[in-house]
Amino acid sequence: MLDFLIEGFKQLTISQVAMWAIGALLIYLAIKKDMEPALLLPMGFGAILVNLPLSPVIKEGSGIISSLFAVGIEASEAMPLLLFIGIGAMIDFGPLLTNPKLFILGGAAQFGIFITVLLAAMIGFPLTDAASIGIIGAADGPTAIHVANTLNSQYLSAIVVVAYSYMALVPIVQPLVIKMCTTKKERTIHMKYASGEISQATRIMFPIIVTIISGLIAPESLSLVGMLMFGNLIRECGVLKSLSDTAQTVFANIITLLLGITIAFQMQADKFLRIETVIIMLLGLFAFVFDTIGGVMCAKFMNLFSKEKINPMIGAAGISAFPMAARVVQKMGLKEDSSNHLLMHAVGANVSGQIASAVVGGLIIGLVTKLM
Amino acid sequence: MLETFKQIFSSLDPMNPETIKASLQIMWQGLLAIFVVIALIIVVVLFTNFAIKKIEKMKADVEKEVEESDKY
């Protein structure tokens, strides 16, 4: 007679309870440790929501989270791409335009992506999954979601959780790797910052130039790069202040809020709780480590040909985790020498990594699609 | 050891030569492409900067000439 009251309990499985624990862990990390709370908290709560038996939120066709996923991610990756408009509106490319050679460091700091694709392939992941796992090294949530979903990776949820978790761990992972790759003398290299005035015309032309060049060489990157540069153009044009403010704040917040809970659709126990998830966590760490090594070694290589030496730590800021990577480098620079302010150079490399990671995301999609 | 690995991770196919070959191709083509994009962006940005500065200098010179001719 009272069976209807215990229907939910009867259908509960151990793996669903395990997912509640994982959801609670993400919520704890978001609140107590301040680790990417804008994403980890909705994902954590969503993980609990979708792992309750008979949950209507994931009902095919009518569930709110399944519908958000179908429309916002599966259909056209709308959510991560629209978020890139907000991110583009937040970025000031001035430090990069003052010293364009920092762009090279942004490219070098994507090395971890490719080496991780290779390692994942050697471990035995199919090419689409290996490429999606490698893109964790982009250190950029929307890029990781876009690539993993476009390539139909079966590990989307694990990839997203790992990508956002490691982005928050940049201040812990990077300093160790930087110290391993550099000497104290190298870490104390001073760099002059010439705050040359960048004309508004250059600031307006830059997003247009980047879009055209990326679109011609890596057409598949146009979704990511195009939205990023569109957001930046709104910021720099000077006549759309209220749109720029909205893109940076309200718009970005709304998309972020929906994105986190939508991604939780993939955190159902049967999709997430797999032994491969642990391997993906290790591969994600590998990607971040080799991104840092790639950027630092490139800076050291550039110093062989450059009169004005680059502090190799700046290379580590080429990782797309903005602005954390820049802050890590600034902090390390000041620790080695309290008169060594590297922030503006680090920011230049950091924002170049934002563009480079978006281009690489598109390249990965294009190259994998051609090889399939 | 490979056999034990395959038993535990039955969904994975370690050391598959086709997949490794494809990922090596992705690696060299991807790295080449990103640096080509970056090099082109740097060149175009430097040229654009130079051109804009030149135009602004010419404008400033013309305005200065007009001011001086107005004086006389």
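The values are calculated or read from the model by the stated rules, or taken from the named source; none is laboratory data. Remember, it's a predicted structure, so these values are computed and weren't measured experimentally. Here Cβ is always computed from backbone atoms with ideal geometry, including for glycine, and neighbour counts include all displayed protein chains. For the accessible areas, the whole protein counts, side chains as well, though only heavy atoms, and no ligand, DNA or RNA atoms are used. Shrake-Rupley method; radii C 1.70, N 1.55, O 1.52, S 1.80 Å.
Do the sum for the protein assembly as shown: with -39,500 (n - 2.57) for every DSSP H run of n ≥ 4, divided by all residues, what is the mean residue ellipticity at 222 nm, to the nearest 500 deg cm²/dmol?
Taking each H run of at least 4 residues, the total per residue is -23000 deg cm²/dmol.
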Exercise. How about segment A:250-352: which GluC sites (Glu not before Pro) there lie in a loop by DSSP and see at most 14 other Cβ atoms within 10 Å?
Worked result: A:Glu308
Exercise. Each residue of segment A:341-347 in order: what ³J(HN,Hα) in whole Hz does its phi give by Karplus 6.51 cos²θ - 1.76 cosθ + 1.60, θ = phi - 60°, with x for Gly and Pro?
Worked result: 9, 10, 4, 5, 5, 5, 5
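Within 12 Å, Cβ to Cβ, of A:Ala317, how many net charges do the neighbouring residues add up to if Lys/Arg are +1 and Asp/Glu are -1?
Here the count lands on +1.
Where does chain A land on Rg/Rh, using Cα atoms and the Kirkwood Rh? Could the numbers behind the result be given before it?
Details: Rg = 21.1 Å, Rh = 21.1 Å.
Computed over Cα atoms, the ratio is 1.00.
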Problem set entry | Span per principal axis, largest first, for the Cα atoms of segment A:230-315 (Å) | 53, 51, 15
For this session: Evaluate the distance, in nm, between pseudo-label points positioned 7 Å from the Cα of A:Val239 and of B:Lys54 along their respective Cα→Cβ axes.
Result: 2.7
Exercise. Quick one: how many Å² of B:Glu18 are accessible to a 1.4 Å probe, rounded to 10?
Worked result: 130
Exercise. Quick one: Debye curve from the C-alpha atoms of segment A:99-180, no solvent, what's log10 I(q)/I(0) at q = 0.21, 0.27 Å⁻¹?
Worked result: -0.99, -1.27
For this session: Using +1 at the Cβ of each Lys and Arg and -1 at the Cβ of each Asp and Glu in the protein assembly as shown, identify which of B:Ile42, B:Ile26, A:Ile73 lies farthest towards the dipole's positive end.
Result: B:Ile42
Problem set entry | Ratio Rg/Rh, restricted to segment A:271-372 and using Cα atoms, in which Rh is the Kirkwood radius | 1.08
Exercise. Per the Kirkwood formula on distinct C-alpha pairs, the Rh of segment A:189-256 is how many angstrom?
Worked result: 13.7
Exercise. So what's the net charge close to A:Ser157: Lys and Arg +1, Asp and Glu -1, counting the other residues with Cβ under 12 Å from its Cβ?
Worked result: 0
Seminar exercise, completed: In Å³ per residue, the alpha-carbon convex hull of segment A:1-128 encloses 193
Exercise. If you place +1 on the Cβ of every Lys and Arg, -1 on the Cβ of every Asp and Glu, and leave all else neutral, what size is the dipole of the protein assembly as shown about its Cα centre, to the nearest 20 Debye?
Worked result: 1120
Seminar exercise, completed: Cross-link reach from B:Lys21 to lysines, straight Cα distance under 16 Å and at least 8 residues apart if same chain, gives A:Lys370
For this session: Return the whole-Å distance between the Cα centroid of segment A:150-186 and the Cα centroid of segment A:1-73.
Result: 26
Problem set entry | Centre separation in Å (Cα based) which lies between segment A:217-293 and segment B:40-59 | 32
Seminar exercise, completed: Violations at 25 Å Cα threshold for listed pairs A:Lys192/B:Lys64; A:Lys33/A:Lys300; A:Lys33/A:Lys335 -> A:Lys192/B:Lys64; A:Lys33/A:Lys300
